[in-house]
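Heads up: the structure comes next, in structure tokens.
The values are calculated or read from the model by the stated rules, or taken from the named source; none is laboratory data. Model, not experiment: these values are computed from the prediction. Here the Cβ is made from the backbone with ideal geometry for all residues, glycine too, and neighbour counts use every protein chain on show.
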Amino acid sequence: MRRLTLSRLSRRRSSIVAVLIAPLSLVACGGSQPQESSEPDRYISTTGEGEISATPDRAEIQIEVENEAERAAEALRLNRDAMTAVLDEVASLGLDRNADIRTLQVSVRPRYERVATQVGGPRRRTLVGYAASNAVMITVKDIDKAPDVLDALANTGSNRTDSVSFYLDEREALEDQARVQALADARRKAALLAAEAGMRLGTVRSIVENRTFAQRARERSRLSTQGSGAPIAPGEQSVQVNLTARWDLLPDQ
């Protein structure tokens, strides 16, 4: 009869214990289930839009004064005198020459024409003089004064009005009002759809602003300076906001 030594018997008992413990460990691991999230797995996303319209309260008028002479220095002198007269007249209407008037460009350039050197001869490109120009931007913070400013420009030497642009000074405040409208619009749509599905809205989970823009943000009209009483029509500008919001959907109780 084969005898087992003490060391072999100990090893066999250890193997039996290990075999018994392993299944228990597997059962214990298999019994643990991941905890389910408390957040509802049903949700609804809707898009809302808000729009606020207002009358512009500021105008910007871009003008240019140009003068010609045989010599460059003479053209610049004539241009300086003409622009000084224009700005003096504008300042007399209550505008600040330092804060409301900004120089955009001052230039002087040669003028060429095709001139025949003799009767019946070929026409050649010939220097005939110089042209000096000065372009400025005038900011009219009281938009009711804009027609008077245009009249002054037309009567004091401004020979070109490039553009008249209108702006909203309180744009940020208008954007905030449009945001409130947009969120209310998104909530209204979500509540309507939830009710139709027999549900109700829960917690709002996210709000994403998609875009914000001003419709007709820079209305421009090219005006002739011939004559007085040039009409302007600033109209209205619309600030629009578009956003997307997501709500939990809960059973209607």
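Listed values, structure above:
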quantity: Breaking point among (1) among the small types (Gly, Ala, Ser); (2) within 19 Å of ALA99 (Cα to Cα); (3) not in a helix (DSSP H, G or I), for ALA146; calculated: (3)
quantity: Number of the exception - ASP57 against (1) closer than 30 Å to ASN210 by Cβ; (2) at pLDDT 95 or above; calculated: (2)
quantity: Sole exception among (1) closer than 30 Å to GLN237 by Cβ; (2) out of contact with any Gly (no Cβ under 8 Å at 6 or more places or on another chain) for ASP81, by number; calculated: (1)
quantity: Options SER163, SER158; residue that is of a type outside the set (Asp, Glu), within 30 Å of ALA72 (Cβ to Cβ) and under 25 Å from the mean Cα position of the chain (by Cα); calculated: SER163
quantity: Residue within segment 39-46 that is at pLDDT below 50 and of a type in the set (Gly, Ala, Ser) present; calculated: no
quantity: Test result for ARG109, charged (D, E, K, R) and in contact with a Lys or Arg (Cβ under 6 Å, 6 or more places away or on another chain); calculated: no
quantity: Enumeration of residues in segment 79-126 that are surrounded by 13 or more Cβ atoms within 10 Å (Cβ to Cβ) and assigned to a loop (DSSP other than H, G, I, E, B); calculated: LEU93, GLY94, LEU95, ASP100
